[in-house]
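Report on one structure; see the data block that follows.
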Amino acid sequence: MKYKKNQEADVSSKEIFGNPTLCAQFLRDYSELPMFANVQPEDIEDVTERYHLFREVEFQSDTVKKVHVREQADTEAANIYILSLMEHKSAVDYDVTMQILKYMVCIWENEVKEQETAENQKAGTRKNARKELRYPPIYPIVYYEGSGEWTAARHLKERIMLGELFSAYILDFMYRLVRTQDYSNEELLSREDAISLLMLLNKIQRAKDFQEISPLPTKRLDDILQRAPVDVAEIIVSAVRSLCNRLNLTLEETTDFIRKVKGGNMGYLWENMEKMDIQLERRNTAEQRQRAEEAEKRADEAERDANEQRQRAEEAEKRADEAEKRIQEAEKRIRELEQEIAK
């Protein structure tokens, strides 16, 4: 079985953010917006399909949520809606700001049409609707599961030539970056919810990553799994299956892990870490064998090159001896001619 880098993570991300319970947990835990501190699953409306292929912009692994914000004392209105755009990345995307901008324009254009329709029906004139219209705030979030640093620009103006010089005349915004590797295992586990458990699982991209994780308290893991609703538990099981695939476990080992997790025993993964170590040893052995073969191949090539150089040196030396011999014969002939002339 070959290791399929990030493939399983890409598939499961849409399931994760498509689930209202997990989405609400994610916004509460990682948005860093106070108005999302108490957001509940029933406050979230998935409007991704509304913008699907809107003006040739396609939302692939990305999701658009309309979040109903409960009463806030510091907001202009008692109840407002915020459109939250969440984009998943498994590798650094250097054009992500432009991609997000396209999404934002699509969302605003569609919202404008909806607001104008509602205001026209209420006020009876398009003029009044346009005057009172306000674009809804959009909160862009990039969720990054890659193991490397995120090196893409966070501000749009950083991607525009002479962005600082023309800063007063160009649109600029930044997005919130949530990178799984920025959170320790204990930080994630301390949230004690399913989204953080999934982020913990998605941090593990290779067998070596699993080996480096300190043993976690199995009871806390089991409690998170057992408290999760059925639909969320199914997503966790799917994430465990993806993890097994990434770690190159056999079908029998994967089936064993899935059976235990479905039974509510999440800690079984960490209790049987040695199975993961076996996979690491298998991979290390294969890699060491490959490196040894490559080293032997390089040694053979080096020896072949050395033999060729030695042969060329011997041939050059032979030619030099022959040239020296011809010079000596020529000098001898010259001396003989000089003697004959002298007679």
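The values are calculated or read from the model by the stated rules, or taken from the named source; none is laboratory data. Just so you know, these numbers come straight off a predicted model, no measurement behind them. Here the Cβ positions follow ideal geometry from the backbone for every residue, glycine too, while neighbour counts run over all protein chains shown.
All told, R220 falls short of being more than 21 Å from T21 (Cα to Cα), modelled with pLDDT of 80 or more and not in a loop (DSSP other than H, G, I, E, B).
For segment 20-57, filtering for residues that are in a helix (DSSP H, G or I) and either modelled with pLDDT of 70 or more or surrounded by fewer than 17 Cβ atoms within 10 Å (Cβ to Cβ) (or both) leaves 20.
Consider segment 256-281 and keep the residues that are modelled with pLDDT of 75 or more and outside any helix (DSSP H, G or I). The one that is surrounded by the fewest Cβ atoms within 10 Å (Cβ to Cβ) is G263. Checked against the criteria, F17 does not count as modelled with pLDDT of 90 or more and under 19 Å from the mean Cα position of the chain (by Cα). Per the listing Q72, Q115, Q60, Q121, the residue uniquely crowded, with 16+ Cβ neighbours inside 10 Å and modelled with pLDDT under 80 is Q115.
Put simply, of N284, N307 the only residue that is modelled with pLDDT under 65 and part of a helix (DSSP H, G or I) is N284. Annotation note: of Y94, Y135, Y139, Y175, the sole residue that is modelled with pLDDT of 85 or more, within 27 Å of A24 (Cβ to Cβ) and out of contact with any Pro (no Cβ under 6 Å at 6 or more places or on another chain) is Y139.
Listed conditions (1) surrounded by 14 or more Cβ atoms within 10 Å (Cβ to Cβ); (2) in a loop (DSSP other than H, G, I, E, B) are all met by L189, apart from (2). Looking only at segment 247-265, decide whether some residue is under 25 Å from the mean Cα position of the chain (by Cα) and within 19 Å of T21 (Cβ to Cβ). There is no residue in segment 247-265 that is under 25 Å from the mean Cα position of the chain (by Cα) and within 19 Å of T21 (Cβ to Cβ).
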